[in-house]
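Visitor: The structure's right below; bear with me while I get my questions together.
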């Protein structure tokens with residue numbers, strides 16, 4: 001008995017499967033009304049128009065504009081960070097921090113574009129903007145200046161970013 005014969009027996013020819021199939025066959029012929037029949041779909045000529053996208057995002061145009069400004073700032077800061085001269089001491093770590101801040105800046109700028117489509121756009125957008133300023137801003141500051149004075153605000157900014165994403169699902 002090969003592998004194919006074994007699977008064939010287990011799936012189709014064993015006594016439990018054949019017995020169950022016989023019971024179902026007898027039950028369906030004896031009680032034809034038990035079988036679920038799909039309802040007929042009644043086709044209507046009504047066309048439901050969805051609202052225009054501009055009507056959906058009208059309440060959040062401020063965040064679209066902020067996303068434009070933030071995106072431009074992210075590009076400028078990314079270019080500056082690529083060409084900035086870091087001091088020898090700790091330059092690799094500071095470069096990584098700067099690159100990470102720039103990636104988060106870009107990602108959350110794109111998230112700002114989706115904020116007007118949320119149920120609570122003002123709350124979601126405000127949390128994302130505040131989180132970007134506190135998280136990305138303090139990372140940029142630390143990477144460029146080497147000063148760790150504002151690093152305590154970085155986790156606060158990260159928490160605000162998380163809450164901004166979570167309020168998008170409310």
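Visitor: Answer yes if at least one residue in region 138-145 is closer than 19 Å to residue 64 by Cβ and either touching a residue at least 40 places away in the same chain (Cβ under 8 Å) or in contact with a helix residue (DSSP H, G or I) (Cβ under 9 Å, 6 or more places away or on another chain) (or both), and no otherwise. Steps first, answer last, please.
Guide: Residues of region 138-145 closer than 19 Å to residue 64 by Cβ: none.
The answer is no; no qualifying residue exists.
Visitor: While we're looking at this one, here's another question. If I filter region 74-86 for residues that are touching a residue at least 60 places away in the same chain (Cβ under 8 Å), over 16 Å from the mean Cα position of the chain (by Cα) and either crowded, with 19+ Cβ neighbours inside 10 Å or in a helix (DSSP H, G or I) (or both), do I get at least one hit? Show your work before the answer.
Guide: Within region 74-86, the first condition is being touching a residue at least 60 places away in the same chain (Cβ under 8 Å), and the residues that meet it are 77, 81, 84.
Still in the list and also over 16 Å from the mean Cα position of the chain (by Cα): 77, 81, 84.
Among the residues that remain, those that are also either crowded, with 19+ Cβ neighbours inside 10 Å or in a helix (DSSP H, G or I) (or both) are: 77, 81.
For region 74-86, residues touching a residue at least 60 places away in the same chain (Cβ under 8 Å), over 16 Å from the mean Cα position of the chain (by Cα) and either crowded, with 19+ Cβ neighbours inside 10 Å or in a helix (DSSP H, G or I) (or both): present.
Visitor: Out of the residues in region 68-115 that are touching a helix residue (DSSP H, G or I) at 6+ places or on another chain (Cβ under 6 Å) and modelled with pLDDT under 90, which is nearest to residue 155 (Cα to Cα)?
Guide: 81
Visitor: Evaluate the following for residue 60: is it at pLDDT below 80 and touching a helix residue (DSSP H, G or I) at 6+ places or on another chain (Cβ under 6 Å)?
Guide: Working: at pLDDT below 80: yes; touching a helix residue (DSSP H, G or I) at 6+ places or on another chain (Cβ under 6 Å): yes.
Judged against the criteria, residue 60 is a match.
Visitor: Search region 15-53 for residues being at pLDDT below 70 and in contact with a helix residue (DSSP H, G or I) (Cβ under 8 Å, 6 or more places away or on another chain), and hand back the single one that is nearest to residue 117 (Cα to Cα).
Guide: Going through the qualifying residues, I end up with 35.
The values are calculated or read from the model by the stated rules, or taken from the named source; none is laboratory data. Everything numeric in this text was worked out from a predicted model, so none of it was measured. Please note: Cβ atoms are built from the backbone with ideal geometry, for glycine as well, and neighbour counts cover all protein chains shown.
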